[in-house]
Amino acid sequence: MKKNIYQLMLMVLIPAVFFSCQKEAPLTPSTEKTGYVVPQGSNDYDAIIVNFYSTYGKYILYNFTDKDTYWTPNGWKNAYSSSTGMWNSGYQAAPADPLFLKKQLTFLQNQWFSLYPAKFLKDFLPVKIMLCTQVDSIWSAYSNGAFTKGVKAVAAWYNYDNICVNNGNASIDAMTPANITAYRTKLNMIFIQSIIGRNMITSIPLSYSNLTDYTVKQTSTTNAYKVGILYSYFKTPTAVLDWGLYMLAMVSCSETTLNRSTANTDATFSGILNVTKDANGVIRKKYNVVRQYYIDNYGLDLQAIGNLAN
């Protein structure tokens, strides 16, 4: 019995002693890239990018990987096709042409960054802004009995912690005033959508939330408007989601559009401040609270951005 116990002890101890005597490999730092570094080069526009980071703490990148732009904790968001030829809904982006990077940066400053106070940009910009020569919305189309790739160029695309911005190419020199207006409107909508999508709206004043009882389920767009709800009534509207839509309405539409008489069955922002949609005046009250909130806390009139849409 004792012999068996000794044998067992030897079986345990000998390997332990053997491995403890082996020479350990020296520890070396990981070479895995876990962050971002600016400048990415030594061009004149790199100074603009470094200054942007110093001011707002956000990265503008013109060299980036697929992981930088497509990855999220819930999966990759790049578009790809299956063995059947069907495309998933997603997007595709490619880095900007270096020849047009400085013009693209100037354009973004004029049509986006300059419209917001520094504090708002520090608080709400995503971690990364990707300068792209191509940003396409992709989906699966169907034609002549087969799936095809649906493609539409877009001004920008928001994904998780970044916004990809298009037109880092020769097209930036050919933009008409109408092109610029449409581009600016879309870009600012994407910015606000990213704020909503990243759950950056964490608290709202009672003067807003007390105006609508979100526990009552609405049965139509018309009824939703009567109680001040802009979010789709057949989904699950909340005070926070609705707050985001009020922000979107302001940056994407002029006051003329918001006050235009529009059918109360219409689900766009057009006419939300007109009595045709806003029969009880609740939308206007909530609109005023949201607008004043950003004026008081950031010195930012969101509606002034929307008024540029005219």
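At a glance:
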item: Counted charge near ALA304, where neighbours are those whose Cβ lies closer than 13 Å (Asp, Glu -1; Lys, Arg +1); result: 0
item: Cα-based Rg and Dmax for the range 97-231, where Dmax is the largest Cα-Cα distance (Å); result: 19.1, 55
item: Set LYS102/LYS285; LYS122/LYS286; LYS67/LYS119; LYS67/LYS186; LYS186/LYS285; LYS102/LYS235 screened for pairs whose C-alpha atoms are more than 32 Å apart; result: LYS102/LYS285; LYS102/LYS235
item: Whole-number D in µm² s⁻¹ for the range 206-307, Kirkwood Cα-pair radius fed into Stokes-Einstein, 10 °C, 1.306 mPa s; result: 118 µm²/s
item: Calculated from backbone phi, Karplus (6.51, -1.76, 1.60) coupling profile of the range 73-80 in Hz, x at Gly/Pro; result: x, 9, x, 7, 10, 6, 7, 8
item: THR215-ASP173 pseudo-label distance in nm [points 7 Å out on the Cα-to-Cβ vector]; result: 6.3 nm
item: P(r) of the chain over all Cα-Cα pairs, binned every 20 Å from zero, in whole percent; result: 26, 47, 16, 9, 2
item: For the chain, calculated [θ]222 nm from helices alone, where every DSSP H run of n ≥ 4 adds -39500 (n - 2.57); result: -12500 deg cm²/dmol
item: Built amide H within the under 5 Å cut-off of ILE60, gap 5+; result: ILE129
item: Pairwise Cα inverse-distance average, inverted: Kirkwood Rh of the range 44-176 (Å); result: 15.9 Å
item: For the range 245-295, projected area of the alpha-carbon convex hull averaged over all directions, nm²; result: 3.2 nm²
item: Beta bridges per DSSP with both ends in the chain, % antiparallel, nearest 5; result: 70 percent
item: Packing rank of 291-303, 182-194, where each peptide gets the mean count of other beta carbons within 10 Å, highest leading; result: 182-194, 291-303
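Where a number appears in this text, it was derived from the coordinates with a stated rule and is not lab data. Fair warning: this is a prediction, and the values are worked out from it, not measured in the lab. Note that each Cβ is placed from the backbone with ideal geometry, even for glycine, and that neighbours are counted across all protein chains shown.
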